[in-house]
1. Pull out all pairs, ordered by first then second residue, where Cβ-Cβ is under 7 Å, the residues are six or more apart or on different chains, the first lies in region 412-424 and is within 14 Å of residue 385 (Cβ to Cβ), and the second is assigned to a helix (DSSP H, G or I) and away from the ligand (no atom under 16 Å from the Cβ).
2. Return yes when residue 346 is touching a residue at least 60 places away in the same chain (Cβ under 8 Å) and farther than 30 Å from residue 163 by Cβ and no when it is not.
3. Is there a residue being under 29 Å from residue 485 (Cα atoms) and out of contact with any strand residue (DSSP E or B) (no Cβ under 9 Å at 6 or more places or on another chain) anywhere in region 272-290?
4. Search region 362-391 for residues being assigned to a loop (DSSP other than H, G, I, E, B) and crowded, with 24+ Cβ neighbours inside 10 Å, and hand back the single one that is farthest from the ligand (Cβ to nearest atom).
5. If I ask for residues that are surrounded by fewer than 19 Cβ atoms within 10 Å (Cβ to Cβ) and under 21 Å from the mean Cα position of the chain (by Cα), which ones from region 503-519 would you list?
6. Quickly run through region 545-568 and pick out the residues that are within 16 Å of the ligand (Cβ to nearest atom) and either over 15 Å from residue 633 (Cβ atoms) or out of contact with any strand residue (DSSP E or B) (no Cβ under 6 Å at 6 or more places or on another chain) (or both).
7. Go through (1) away from the ligand (no atom under 16 Å from the Cβ); (2) under 22 Å from residue 272 (Cα atoms); (3) not in a helix (DSSP H, G or I) and name the single condition residue 333 misses.
8. Residue under question is residue 465, and the condition is that it be within 22 Å of the chain's Cα centre (by Cα) and away from the ligand (no atom under 16 Å from the Cβ); does it hold?
Ligand code: WTA
């Protein structure tokens, strides 16, 4: 397949963009007619559709007995039951058997320009087998949890695939998390092994990981061993005898020609656990299945990115997040593609880093996040102009709404006004993209993730749980839900059935927690979270988790955390705190609170502003009214707050508004996280 197939110009028509409709014979889904036929098939015969995809895309050791076992009462959906497969086999061995032995599976660009590593499928196989043996020698068995607290280095992908080979459940922890964030995730998973590195390298600085981990492990009795990659070559790493082992020492005993036979996993066995922010202070441990998840990952990767054999695919997300799992590792490797992995940040040493990489490796598909695009946009297009971006064929966006202005900038300056942008809406829980265009079939509207993918039954619900029905001419808006199961749906929430059920309790089907609008063409416009989550630079954070850290400081009696709009980050964190009696309000206290959040959760959770308050607005039953606090943080005046009859002591509101205005006058901005946002962002 040559690039010429794809070099036609999108035509713009009154705010919509038409993909080129000719010369796309080699696209997986070509043109609107073909797409419509697929949508119809998936709608009329969903099980046939999904089983078709599962057999086309994956190798099964044993075929399934049933496509879907659904327990509608308990909302349990089990895909391809009776089927046996292994994710590591599908991502590696299968490609070697069909002639991709010498194809690059993984190209790694380190933070330093000269640090490049390339693994062919054969080389990946060798390393994964060695690590599987090594983990096995540490008594890791099927079903055990292995925590991965690692930077963006090839060993992370190798460790994931080694776990999958054994049938152990990996649980990646974003390396930007600090003490509390890491501890709760290791404890939540009851991990037996932690794999880490001496340090991450970020924007020219070392960020120690192993040293961070040591105090945490004192409170994690389940951890028997820590495996440490010597990545930054720090020489003062303390290793605890009998517990800590260097990665290179551990694998040394395993020769290069040793196979590690893949465990025959049930389709419904868990592949991995990934924590995300929930509505409580405790992270939600989302568990994904082997067969359903991998089918959905491969399926969406192939169609949304129109992935072909000679493509170089670059998903800029950190593997610590779901995007990195599905579109940085499992989806593209299951398809036998070439994945590019980058350790560094978009703006270091200069804001041209991404474009250098695109030119250097002739990248074809670039999947990134609006927060990254916004930060690069601010630096000016000149940084991109000096590079040849001509190999790019598809651009993608994920993690937060992309505004039409940012979309246009990306389209014009990076896509040379001719590449489709796939804006993909999805979540950790959904396993893969749910609302997204098919690049050579769907008309694009800047700012909209377009339409639900084939087989995805999205809908909008009103507050009173009735559906806002299709067919109304007006824009419909409300809660975004998914009415029918799809293969990527999470298997469950680890050790928390109640939490799992809470996704289904309100509407009787999967509730996303996002609000959305649907326009007259059936296009979805995501409005953001309705629940108590905040989306900072594409990072999903829980307000409850941040509040819990703030009130853990003895000076603080109460805290309420809300999002506020932010030009670069999308949303920023705004914290209201009520101090205990006798505690004076001061910048020193503010700094202490900020440091506590940074230390406990990580810099990504630092509030942009901390406002002291005498009291918080509450209902008569004593519940903090976050809706009002959110409006005040967003700049609403007293009049704009509307009806206040539900507020128990409305007199508390005025001083809060004054306090907010003072803060905006600039005295109290706590920190500019811009550099960090770019550094630890999805980029
Ligand atoms: C938001 C990330 C608008 C949304 C894959 C969702 C988006 C949350 C988009 C999930 C998009 C993700 N447009 N908003 N294209 N993609 N979101 O679990 O609020 O880290 O609920 O998964 O990100 O975040 P999560």
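1. 413/384; 414/384
2. Considered against the rule, which asks whether it is touching a residue at least 60 places away in the same chain (Cβ under 8 Å) and farther than 30 Å from residue 163 by Cβ, residue 346 comes out as no.
3. Looking for residues that are under 29 Å from residue 485 (Cα atoms) and out of contact with any strand residue (DSSP E or B) (no Cβ under 9 Å at 6 or more places or on another chain), one finds none in region 272-290, hence no.
4. Of everything passing the filter in region 362-391, 364 is farthest from the ligand (Cβ to nearest atom).
5. 515
6. 545, 565
7. The one condition residue 333 does not meet is (3).
8. no
The values are calculated or read from the model by the stated rules, or taken from the named source; none is laboratory data. Here the structure is a predicted model, which is why all the values come from computation and not from measurement. FYI the Cβ positions are ideal-geometry reconstructions off the backbone, even for glycines, and counts take in every protein chain you see.
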